[in-house]
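Undergrad: My questions will all concern the structure given below.
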Amino acid sequence: MALNRAMIFLGPPGAGKGTQANRAAKRYGVPHLSTGDMLREAVAQGTELGRLAKPLMERGELVPDNIVMGMVEERLARPDSAQGFIFDGFPRTVPQAEQLDKIMVRRGLGKPLVVEFHVSSETLLHRVSGRWTCSVGGETYNIYERPPKVPGICDVDGGKLIQRTDDSADIVRERLAAYDRKTKPLADYYRQHGVLETVDGSKGVEEVSRALNEIFARAAGRDGHL
Ligand code: AMP
């Protein structure tokens with residue numbers, strides 16, 4: 001089924017947005033757009049944008065809205081996002097959400113479907129501290145809950161697993177604080193627009209996937225498209 005809309009996965013670091021966005025993107029054949037991944041790529045490539053973003057990301061602070069919006073607009077101009085897309089980690093502030101709404105109107109796409117992931121702070125810290133990511137394909141693991149078959153090696157493509165530098169306990173606390181201050185108000189923003197759904201992100205990957213599929217099916221029934 002064609003998506004024809006933007007889906008937004010909202011939630012703090014470690015809530016499972018990336019894992020679920022990856023799965024949903026494959027299921028619906030649309031791109032998974034993670035602004036965190038785009039920024040990490042810019043940092044790795046040493047672009048001007050990457051140089052601006054690097055110190056902020058290292059401290060767990062948000063990158064300014066204008067930088068993120070420029071990057072997102074550029075990404076959405078590619079033909080693969082004509083049928084919709086799934087955002088993970090974007091928008092992160094109310095001004096980003098307002099600008100995204102304008103982009104949607106310009107592109108003739110309707111309202112986004114926003115899913116907020118609820119997870120307790122202890123679970124988030126536990127998940128993020130155990131998180132290892134494949135340096136090749138981006139598959140994520142958790143050494144406590146979902147370890148790879150061979151330690152340090154990706155089950156999918158044999159790539160080396162690495163830990164994000166901003167996943168250390170101090171920086172995660174900063175990122176959680178930034179989330180509470182700047183991103184949490186987005187739930188109210190989207191609730192007022194009548195597009196907010198929630199899932200219990202503390203459940204396992206399969207269970208959360210099932211809950212999301214139910215939300216998508218309900219939205220498709222209501223809106224006539226997904
Ligand atoms: P993430 O991979 O989504 O946890 O993002 C990693 C870091 O990238 C964040 O801690 C921010 O510094 C930055 N970042 C990612 N997405 C955004 C965004 N939409 N707005 C501002 N900063 C962002």
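The values are calculated or read from the model by the stated rules, or taken from the named source; none is laboratory data. Quantities reported herein were computed from a predicted structural model and do not represent experimental measurements. Cβ: placed from backbone, ideal geometry, glycine included. Neighbour counts: every protein chain shown. Protein only, heavy atoms only, side chains kept; ligands, DNA and RNA dropped before computing areas. Shrake-Rupley method; radii C 1.70, N 1.55, O 1.52, S 1.80 Å.
Undergrad: Please work out which residue is modelled with the lowest pLDDT, limiting yourself to region 9-32 and to residues that are touching a helix residue (DSSP H, G or I) at 6+ places or on another chain (Cβ under 8 Å) and of a type in the set (A, V, I, L, M, F, W, C).
TA: Out of the qualifying residues, it is Val30.
Undergrad: Just one of (1) at pLDDT 95 or above; (2) under 30 Å from Pro64 (Cβ atoms); (3) open to solvent by 40 Å² or more (accessible area, probe 1.4 Å) trips up Asp200, so point out which.
TA: Result: Asp200 fails condition (2) only.
Undergrad: Hey, any hits in region 84-98 for a residue that's crowded, with 18+ Cβ neighbours inside 10 Å, at pLDDT below 95 and more than 16 Å from the chain's Cα centre (by Cα)?
TA: No, that holds for no residue.
Undergrad: In addition: Working only within region 6-19, note down all residues that are open to solvent by less than 10 Å² (accessible area, probe 1.4 Å) and closer than 17 Å to Phe216 by Cα.
TA: Residues satisfying the conditions are Ala6, Met7, Ile8, Phe9, Leu10.
Undergrad: Do you know which of the residues in region 103-129 that are charged (D, E, K, R) and away from the ligand (no atom under 16 Å from the Cβ) is most open to solvent (accessible area, probe 1.4 Å)?
TA: This residue is Arg106.
Undergrad: Next up: Please tell me if Pro185 is within 18 Å of the chain's Cα centre (by Cα), modelled with pLDDT under 95 and either open to solvent by less than 50 Å² (accessible area, probe 1.4 Å) or of a type outside the set (A, V, I, L, M, F, W, C) (or both).
TA: no
Undergrad: Also: Considering only residues of region 65-102 that are β-branched (Val, Ile, Thr) and part of a helix (DSSP H, G or I), which is nearest to the ligand (Cβ to nearest atom)?
TA: Val68
Yes/no per residue for (1) without any contact (Cβ under 8 Å) to a residue 40 or more places away in the chain; (2) part of a helix (DSSP H, G or I); (3) open to solvent by less than 80 Å² (accessible area, probe 1.4 Å):
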{"position": "Tyr144", "(1), (2), (3)": "yes, no, no"}
{"position": "Val156", "(1), (2), (3)": "yes, no, no"}
{"position": "Ile171", "(1), (2), (3)": "no, yes, yes"}
{"position": "Arg175", "(1), (2), (3)": "no, yes, yes"}
{"position": "Arg181", "(1), (2), (3)": "yes, yes, no"}
{"position": "Tyr189", "(1), (2), (3)": "no, yes, yes"}
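Undergrad: Looking at region 130-174, which of its residues are within 16 Å of the ligand (Cβ to nearest atom) and among the basic types (Lys, Arg)?
TA: The answer is Arg131, Arg164, Arg173.
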